[in-house]
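Structure first, commentary second.
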Amino acid sequence: LAMSSATSTTSLPSGLDVLTTFPDVLFIPEITFGGLVWILVASSKVPLPILQGWVMFVSVFCFIMSTTLLCLYIFGVHRGSSSWIALVRECDKP
């Protein structure tokens, strides 16, 4: 797998090339495991529902944001004069 442009000087990939670069290929397990966490938290019983609500909010928010970012990559919205590249670089920092 090639390295993403967040760590190199070339432009960010778009289309299905997103699924062939590292760390962009990590979107797939991130979305898969995020969906599983969402399902497991929603199906569990806890004594204080307010705690479950917070965990659900965080897991659903991260799942939706990961899916949105993957779609933005695939549709090539990050190209152009917008600030998507700076946003992606901030999100990909370790």
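Apply 1/(1 + (r/R0)^6) to the Cβ-Cβ distance of V77 and F22, taking R0 = 25 Å, and write down the FRET efficiency to the nearest 0.05.
After rounding, the FRET efficiency stands at 0.75.
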Quickly work out the I39-to-V55 label distance, labels modelled 7 Å from Cα along the C-beta direction, and quote it in nm with one decimal.
1.7
Beta carbons within 10 angstrom, averaged per residue: use that to sort the peptides 32-45, 15-28, highest first.
15-28, 32-45
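Coordinate-derived values only; no laboratory data. The model shown is predicted, which means the values in this text are computed figures rather than measured ones. A quick note on method: Cβ atoms are made from the backbone with ideal geometry, for glycine too, and the neighbour counts reach across all protein chains shown.
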